[in-house]
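The values are calculated or read from the model by the stated rules, or taken from the named source; none is laboratory data. Predicted model only: the values in this text are computed from it and were never measured. Here the Cβ positions follow ideal geometry from the backbone for every residue, glycine too, while neighbour counts run over all protein chains shown. For the accessible areas, the whole protein counts, side chains as well, though only heavy atoms, and no ligand, DNA or RNA atoms are used. Shrake-Rupley method; radii C 1.70, N 1.55, O 1.52, S 1.80 Å.
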Amino acid sequence: METTSRVPPDNALISRLLARRSVTSQSLSFPGPDSSQLCQILELASRVPDHGNLEPWRFIVLQGIEREQASHDLAEIYALEKLGMEPSRLARFKGIIARLFTYAPVVVLVVASPQQSTVATILEQHLSAGAVCMNLLTAVHALGFHGNWLSGWITSSAGARGYFRLHGEESFAGVIQIGTAAEIPHDRNRPDLNRIVTYWPG
Ligand SMILES: Cc1cc2nc3c(=O)[nH]c(=O)nc-3n(C[C@H](O)[C@H](O)[C@H](O)COP(=O)(O)O)c2cc1C
């Protein structure tokens, strides 16, 4: 056990966290994190509460040409899964999927990988995977990059599951896109604490 006394607040960190916001996929471009920055981002991301130390999550990283290849392959899978769709609509959505991973230089798929456990419930394990996604986004921001957390069609597609070799009870917790945005959007309205906080018993 390490002994410690309370450290003073890190105001720079607080300001940085208060400035974090997502950017759209289309506004993400190069540069992305290099391999050592990406390792640091993933290390920070996986530093989450994890009931039972089950590590019920893992990462699939897409970068370089693999982003284009995977987007192309997924567009074909999408078309096969949506055979009944009206053709012009299908062509439009297939085109969107064909560009899915092509904007951000690095895309990380966070896979929730729940384990058999008598300690942690499945819900707790999924919450831990959600915490990984959020930590990942925060780490991206801390290193000076921009990102977003998306779900979309792949998270509900059996074909996409198979393509990325998810097994058993695994599912996609999030698609995290990482890059640099030329323009940062205005911040969205943030929650009003008066509306969401109850100081018990109220
Ligand atoms: C689990 C999860 C899935 C999401 N999936 C999408 C999505 O597929 N498409 C989308 O436009 N936004 C999606 N969002 C919302 C974006 O992340 C959104 O841009 C974000 O909430 C903006 O808030 P921020 O600026 O605080 O990051 C998702 C959010 C979460 C938590």
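Annotations for the structure displayed:
- Hydrodynamic analysis of the stretch 1-120 uses the Kirkwood radius over alpha carbon pairs. Inserted into Stokes-Einstein at 25 °C and 0.890 mPa s, it gives a translational diffusion coefficient of 135 µm²/s.
- Taking a ≥ b ≥ c as the square roots of the Cα gyration tensor eigenvalues, the stretch 49-173 comes out oblate, since a/c reaches at least 1.5 and a/b does not exceed b/c.
- Where L83, L42, L62 fall by accessible area, highest first, once all protein chains stay in place (1.4 Å): L83, L42, L62
- Surface listing: E124, E169 arranged by accessible area from highest to lowest gives E169, E124, probe 1.4 Å.
- Its relative contact order, with pairs defined as Cα atoms under 8 Å and 6+ residues apart, puts the chain at 32 percent.
- Percent carbon-and-sulfur accessible area, the stretch 1-130, ignoring ligands, DNA and RNA, probe 1.4 Å: 57
- Packing-based order for 19-32, 101-114, using average beta carbon neighbours within 10 Å, highest first: 101-114, 19-32
- Relative contact order (%) - criterion: Cα under 8 Å, at least six apart; region: the stretch 96-192: 41
- Area of D73 that stays accessible when all protein chains are in place (1.4 Å probe, Å², to 10): 40
- Per-residue ellipticity at 222 nm computed for the chain from its helices equals -12000 deg cm²/dmol, with DSSP H segments shorter than 4 residues left out and the rest contributing -39,500 (n - 2.57).
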